[in-house]
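Working notes, beginning with the structure itself.
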Amino acid sequence: MYVIFDSVTTKLVRLMRDGYWQDAKYKTEAAAKAGLTRLKDRNTSLGGQDLSNATIDTVENFDKVEKYEVVTNLMSGLPVRQRVNTPRSCDPSTETYWSL
């Protein structure tokens with residue numbers, strides 16, 4: 001499995017598939033390269049994501065290089081370390097997490 005991500009921030013590139021925003025994941029490297037080319041051609045439909053630093057790599061290698069961020073827990077005020085690609089519904093610094 002291959003992913004497209006920003007090499008500086010390590011945030012995954014998101015794209016619209018079947019009416020839902022999803023991570024840009026592909027089964028083969030060739031499919032990922034073709035997907036990146038298509039994304040660069042129609043970048044305006046992606047909410048203006050910056051694809052200048054886009055990189056393709058395997059999921060295993062991406063897991064090794066993905067960066068972490070420190071956020072503040074909304075209820076306790078304590079710092080929490082989490083991956084930069086944590087969904088908002090799983091992020092304790094958001095109201096969405098606490099209202100589910």
Select from the stretch 50-95 the residues that are among the β-branched types (Val, Ile, Thr) and either surrounded by 13 or more Cβ atoms within 10 Å (Cβ to Cβ) or touching a residue at least 60 places away in the same chain (Cβ under 8 Å) (or both) and list them in ascending order. Thr55, Ile56, Thr58, Val71, Val80, Val84, Thr86, Thr94
From the list Thr10, Thr28, Thr44, pick out the single residue that is at pLDDT 85 or above and farther than 18 Å from Asn85 by Cα. Thr28
Would you pick out the residues in the stretch 8-45 that are at positive phi and in contact (Cβ under 8 Å) with a residue 24 or more places away in the chain? Thr10
For Gln82, which of the numbered conditions (1) of a type outside the set (Lys, Arg); (2) in contact with a Pro (Cβ under 9 Å, 6 or more places away or on another chain); (3) not in a strand (DSSP E or B) fails to hold? (3)
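The values are calculated or read from the model by the stated rules, or taken from the named source; none is laboratory data. The structure presented is a predicted model; accordingly, all values stated were derived computationally and were not measured. Ideal geometry is used to build each Cβ from the backbone, glycine not excepted, and the neighbour counts take in all protein chains shown.
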